[in-house]
Each structure stands twice: as C-alpha cells, then as structure tokens.
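Just below is one structure, and these are the notes that go with it.
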Amino acid sequence: MKIHDYLSSEELKRLGSALLVVVCFIFIAGFFAFTVLPGLRYQAHTTPDAPIQAVQGETGWLDPTDYPATARQVIPPIDPATVMTPNPALMARGKAVYAQTCATCHGVDGKGDGPGGAGLTPKPRNFTVKAAWKNGTRVEDIYKTLEEGIKGSSMVSYAYLSKKDRMALAHVVQSLGAYDHGTSDPKAIAALEKLFASAGEVIPNRIPVSRAVDLLCREYESARAEAKPAAPVQR
C-alpha cells in the first residue's frame, strides 16, 4: 500500500505545507536559541541608568548590539615585525578594536567592570590583576584566548577578527596590566611569526543579527506562499 491510497493529492499538498511550516518554525527557533539569545544575555542585567551605547565597528554575529554589515576581505601574509611587538599604529588599532568589542564587559580600563558584564558568571576578567588568568598573561596566551575563547565562560572566540586585529588586541590587553607578564615561549612566538608570514586569510561577509532575522523571515514567507495549494477551480 502507498500513501496515495490513503490521501488525495490535495490532502498531500496540505500535509506538505504544514510540514514546511513546522520545519521553518524549528529552524527559526534554533537560530534564536544559538545566536540571538547568547548575545542578549550580555544585556540582561544592565540597569536603566547605565545604557550600553552602540558604536560603529567591525563585529560578528554574536555581538549584543547591531553594527553595519562588512564585506568579504582577502588579506595577504603579514610581516611579523609589524605585529609581534607593539608600535603606535598597531596599538591605535588595538585600542579601537578594544573599545568596539571588549569595553562593554571588561570596562574601559580593563578592570572587568563594564555594564555588560554585571550579570555574567564568572565575571569578566580584570586585566589589571595578574591572578587567575585561564591561559596566562603572555602575548601568545592572550592571542590563544582571543582565537579560541574560554569554555564555561562568557568569553567567546574572536576568530572572526583578522589575525592582525587579534594581535593588536592582545598587545592592548597586556598593556592594561602594570605587572610582569612573564617571558614568552620562543617556540610559541616562532609559531605565531610563521603563521603571520606564511598564510594570508579570508574574512567572510558578516551581517548583523537583525538583518539575518529579516532575511530568514522573508525566506520563510516566500516558501510558505509557494507551498500554499492552488484554489480549486469553480465549475
């Protein structure tokens, strides 16, 4: 026996339409659960008298505020000498990236007192104190944290930033603590130098969450309209 023996073609169309609606609903719910909600938790416990001022910048999908879309970039290999040690241009770029992506939670001065971190557990790292750093305070350790994030915390991966921006940010984060950060591992430094010199990178297109949701809703409505059964012909 086949399903056509039990259902007419019209009933099959209605069943298919219903299934499409359910699948689209599950997809949209999953999108909100895994992308929108993680960003919203950064704002959940902020107080009305301490609003987070949105700024223009280069950000990714999980940021709690909406920024302009950024186009795909193809970045060639970088001279390690321009990024492995701080220089004015690199530090200026790092401070701009810090203000755009870190200050909301870690605070302007890196003390872990930003308004977006008020309700987070564990609290954002206080960069001015050496104790309890998960990966360490050397520049290669900070770069690793920016690349991988820290599991079990609100510190997500910032791998969507270019390698140069991550290194600039690592230098700025390190500069916020006036203490001995330790001697870098020569092997780790050599590996980073090789990474910068030997491989370029492609930064993909990125769009803010609001635009992604809008596109999903439009696609859903379009698919729903196409799945509607044709009106019966009046005889």
**Fill in**
Within the range 85-125, the residues that are in contact with a Phe, Trp or Tyr (Cβ under 8 Å, 6 or more places away or on another chain) and in a loop (DSSP other than H, G, I, E, B) are Gly110, Lys111, Gly112, Leu120, Arg125
**Matching entry among Ala131, Ala223, Ala212 (being free of Cβ contacts under 8 Å to residues at least 60 places away in the same chain, of a type outside the set (Asp, Glu) and on the phi < 0 side of the Ramachandran plot)** = Ala131
**Asked** What about Ala190, is it among the aliphatic types (A, V, I, L, M), under 23 Å from Gly94 (Cα atoms) and within 23 Å of the chain's Cα centre (by Cα)?
**Response** no
**Message:** Considering only the range 133-146, I want to know if a residue exists there that is of a type in the set (Gly, Ala, Ser) and over 17 Å from Gly94 (Cβ atoms).
**Reply:** yes
**Prompt:** Quick check, is Pro124 touching a His at 6+ places or on another chain (Cβ under 7 Å) and either over 20 Å from Ala190 (Cβ atoms) or at pLDDT 90 or above (or both)?
**Reply:** yes
**Asked** Would you say Thr82 is among the β-branched types (Val, Ile, Thr) and crowded, with 16+ Cβ neighbours inside 10 Å?
**Response** no
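Residues checked against (1) among the small types (Gly, Ala, Ser); (2) buried (at least 19 other Cβ atoms within 10 Å of the Cβ):
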| position | (1), (2) |
| --- | --- |
| Pro86 | no, no |
| Ala89 | yes, no |
| Ala96 | yes, no |
| Ala99 | yes, no |
| Lys130 | no, no |
| Val139 | no, yes |
| Tyr143 | no, yes |
| Lys151 | no, no |
**Message:** Please go through the range 192-224 and give me each residue that is modelled with pLDDT of 80 or more, of a type outside the set (Gly, Ala, Ser) and within 30 Å of Ile78 (Cα to Cα), ordered by number.
**Reply:** Leu192, Glu193, Lys194, Leu195, Phe196
**Asked** Does any residue in the range 95-119 that is more than 18 Å from Ala159 (Cα to Cα) and in contact (Cβ under 8 Å) with a residue 60 or more places away in the chain come within less than 6 Å, Cβ to Cβ, of a residue that is of a type in the set (Val, Ile, Thr) and surrounded by 22 or more Cβ atoms within 10 Å (Cβ to Cβ) six or more places away or on a different chain, and which pairs are these?
**Response** Gly116/Thr104
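The values are calculated or read from the model by the stated rules, or taken from the named source; none is laboratory data. Please read all numbers here as calculations on a predicted model, not as lab measurements. When we count neighbours, we look across all protein chains shown, and the Cβ atoms used for this are built from the backbone with ideal geometry, even at glycine.
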